[in-house]
Amino acid sequence: MHSYENKELDEDVLSFMRMLDLNTQSLGQDNIRVLLDSNRVILACAFIEYGEKQSEIFVFGVGKDHQGLGIGKYFAEKVLNELKESRCCTVVVDPINEVALMFWVKMGFNPIPDLYNNLGYPKLNLKLN
């Protein structure tokens with residue numbers, strides 16, 4: 001497996017990074033992103049903005065064949081930067097499993113005290129400013 005942090009990424013991974021920059025489709029909504037390859041979903045992300053101060057990423061997933069390459073991390077950073085540029089102060093995520101929980105914790109998110117989803121995982125937030 002390759003990692004986005006690895007300086008020697010192979011051409012396939014670099015190609016996916018370029019695809020994220022060039023071909024992410026918004027599906028008619030500014031807050032829904034889908035990356036397709038031959039009509040197969042590689043990555044999907046959706047978020048909602050609650051006024052100017054808070055947003056929630058409520059869908060975020062990378063297709064199984066493309067996990068572990070750093071594509072999710074790269075795209076999450078792009079979305080978080082976009083939200084920061086729009087003056088969002090706090091982003092909330094609601095992990096659905098241990099993998100998602102660890103992903104968002106590695107991205108700098110922290111548990112919201114005493115707030116858990118119906119699966120027992122803590123909701124997480126990240127202060128952008």
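The values are calculated or read from the model by the stated rules, or taken from the named source; none is laboratory data. Worth saying up front: this structure is predicted, and the values here are computed from it rather than measured. Counting neighbours? That spans all protein chains shown, and the Cβs are built from the backbone with ideal geometry, glycine included.
Does region 33-47 include one or more residues that are of a type outside the set (Lys, Arg), in contact with a Ser or Thr (Cβ under 8 Å, 6 or more places away or on another chain) and at pLDDT below 85? Yes - at least one qualifying residue is present in region 33-47.
Being of a type in the set (S, T, N, Q) and at pLDDT 55 or above is the requirement here; does SER55 meet it?
Spelling it out, SER55 is indeed of a type in the set (S, T, N, Q) and at pLDDT 55 or above.
Among the numbered conditions (1) surrounded by fewer than 16 Cβ atoms within 10 Å (Cβ to Cβ); (2) touching a residue at least 24 places away in the same chain (Cβ under 8 Å), the only one that LYS64 does not meet is (2). Of the residues that make up region 118-127, is at least one under 19 Å from TYR50 (Cα atoms), part of a strand (DSSP E or B) and in contact with a Gly (Cβ under 6 Å, 6 or more places away or on another chain)? So far as region 118-127 goes, yes, one or more of its residues are under 19 Å from TYR50 (Cα atoms), part of a strand (DSSP E or B) and in contact with a Gly (Cβ under 6 Å, 6 or more places away or on another chain).
Within region 89-116, being surrounded by 14 or more Cβ atoms within 10 Å (Cβ to Cβ) and either part of a helix (DSSP H, G or I) or without any contact (Cβ under 8 Å) to a residue 12 or more places away in the chain (or both) holds for ALA100, LEU101, PHE103, TRP104, VAL105.
The residue that is modelled with the lowest pLDDT, counting only those in region 68-88 that are within 23 Å of TYR121 (Cβ to Cβ) and exposed (fewer than 15 other Cβ atoms within 10 Å of the Cβ), is GLY68.
Let's see how each residue does on (1) of a type outside the set (A, V, I, L, M); (2) closer than 19 Å to GLU98 by Cα; (3) under 12 Å from the mean Cα position of the chain (by Cα); (4) assigned to a strand (DSSP E or B):
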position: VAL34; (1), (2), (3), (4): no, no, yes, yes
position: ILE42; (1), (2), (3), (4): no, no, no, yes
position: CYS45; (1), (2), (3), (4): yes, yes, yes, yes
position: ILE48; (1), (2), (3), (4): no, no, no, yes
position: GLU56; (1), (2), (3), (4): yes, yes, yes, yes
position: PHE60; (1), (2), (3), (4): yes, yes, yes, yes
position: TYR74; (1), (2), (3), (4): yes, no, yes, no
position: GLU82; (1), (2), (3), (4): yes, no, yes, no
